[in-house]
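The block underneath contains the structure these notes are about, expressed in structure tokens.
The values are calculated or read from the model by the stated rules, or taken from the named source; none is laboratory data. These numbers come from a predicted model, not from an experiment. Positions of Cβ are backbone-derived with ideal geometry, glycine not excepted, and every protein chain shown enters the neighbour counts.
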Amino acid sequence: MSVSAMPASCCPGSSCDSPDCLQLTEREAELCEAICASPEPVAFSTLKETLGYHQEVISRILRRLLNYRTIEKVKGRYKRVGQ
């Protein structure tokens, strides 16, 4: 399993040399990219269909990203911080 560093925003594009960056697994990074690629907040079911992961895997990843405030939940949907 590979691990990549992501800035607090969860979206790729920023360099992450800071120790404050969140280390993401491949699956976590893929989920972040799916959320960041969408112009609108994304439903859980859309993430599940798009990524093909079991709902428990998606739930665990979302919970971690929400705890670290890298994504936000608004009206039952997920979006990048500041979107």
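Tell me which residues, restricted to segment 54-83, are assigned to a loop (DSSP other than H, G, I, E, B) and among the charged types (D, E, K, R).
Residues satisfying the conditions are ARG69, LYS75.
In segment 23-35, is there at least one residue being surrounded by 15 or more Cβ atoms within 10 Å (Cβ to Cβ) and part of a loop (DSSP other than H, G, I, E, B)?
No - not one qualifying residue is present in segment 23-35.
Consider segment 51-77. How many of its residues are surrounded by fewer than 16 Cβ atoms within 10 Å (Cβ to Cβ), polar (S, T, N, Q) and either touching a strand residue (DSSP E or B) at 6+ places or on another chain (Cβ under 8 Å) or closer than 22 Å to CYS21 by Cβ (or both)?
So the answer is 1.
Residues of segment 36-45 being touching a Ser or Thr at 6+ places or on another chain (Cβ under 9 Å) and either surrounded by 16 or more Cβ atoms within 10 Å (Cβ to Cβ) or acidic (Asp, Glu) (or both), which ones?
Hits for segment 36-45 are CYS36, SER38, VAL42.
State which residue is farthest from the chain's Cα centre (by Cα) when the search covers only segment 17-50 and only residues that are modelled with pLDDT under 90 and acidic (Asp, Glu).
ASP17
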